[in-house]
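> One structure follows; several queries about it will come next.
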Amino acid sequence: MWRKAREASEALEANEATVKRLHITVHGLVQGVFFRTSAQERAAELSLTGWACNDSGGNVSIVAEGAEENLKAFLEWCYTGPRWARVEKVEFEWSEATGKFSEFEIK
């Protein structure tokens, strides 16, 4: 029984170690095409938290936290976005998660 508890504890630690934060800036025709709303829907599908907002340069900025594998899938989605978007470039930076978000919101 102790062995199963230890294995469960190790699995939990492994999952916690893969929780990351990803800051993404999406360039192109990404405002006015439901990019933020679509990002929120995709984030919910992937159990991610954070936010998406338009910036003054015509880009969409996103901060997302969650399992690293789910963040990778989200990042891949950002290269195309919703069907009306025309993504020209995606910049991103990985960091440690802060855990300060409870949901994914649109700012």
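The values are calculated or read from the model by the stated rules, or taken from the named source; none is laboratory data. These numbers come from a predicted model, not from an experiment. Quick reminder, even Gly has a Cβ in these numbers, built from the backbone with ideal geometry, and neighbours come from all protein chains shown.
> Hey, among the residues in segment 31-53 that are in contact with a Pro (Cβ under 9 Å, 6 or more places away or on another chain) and β-branched (Val, Ile, Thr), which one's surrounded by the fewest Cβ atoms within 10 Å (Cβ to Cβ)?
It comes out as Thr37.
> Here's something else I'd like to know. Which residue pairs have Cβ atoms under 6 Å apart, sit 6 or more places apart or on different chains, and have a first residue in segment 17-43 that is free of Cβ contacts under 8 Å to residues at least 40 places away in the same chain and β-branched (Val, Ile, Thr) and a second that is assigned to a helix (DSSP H, G or I) and buried (at least 18 other Cβ atoms within 10 Å of the Cβ)?
As it stands, the answer is none, since no pair meets every condition given.
> For segment 70-93, give me the residue count where each residue is out of contact with any Leu (no Cβ under 9 Å at 6 or more places or on another chain) and either outside any helix (DSSP H, G or I) or touching a residue at least 40 places away in the same chain (Cβ under 8 Å) (or both).
Residues that pass the stated criteria total 8.
Residues checked against (1) surrounded by 17 or more Cβ atoms within 10 Å (Cβ to Cβ); (2) over 15 Å from Leu29 (Cα atoms):
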{"site": "Glu68", "(1), (2)": "no, yes"}
{"site": "Lys72", "(1), (2)": "no, yes"}
{"site": "Tyr79", "(1), (2)": "no, no"}
{"site": "Trp84", "(1), (2)": "no, no"}
{"site": "Val90", "(1), (2)": "yes, no"}
{"site": "Thr98", "(1), (2)": "no, yes"}
{"site": "Glu103", "(1), (2)": "no, yes"}
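> Go through the residues of segment 1-23 one by one and say whether even a single one is loosely packed, with under 12 Cβ neighbours inside 10 Å and either in a loop (DSSP other than H, G, I, E, B) or at pLDDT 95 or above (or both).
For segment 1-23, residues loosely packed, with under 12 Cβ neighbours inside 10 Å and either in a loop (DSSP other than H, G, I, E, B) or at pLDDT 95 or above (or both): present.
> Here is a list: Gly58, Gly99. Which entry is over 14 Å from Val19 (Cβ atoms) and in a loop (DSSP other than H, G, I, E, B)?
Of Gly58, Gly99, the one residue that is over 14 Å from Val19 (Cβ atoms) and in a loop (DSSP other than H, G, I, E, B) is Gly58.
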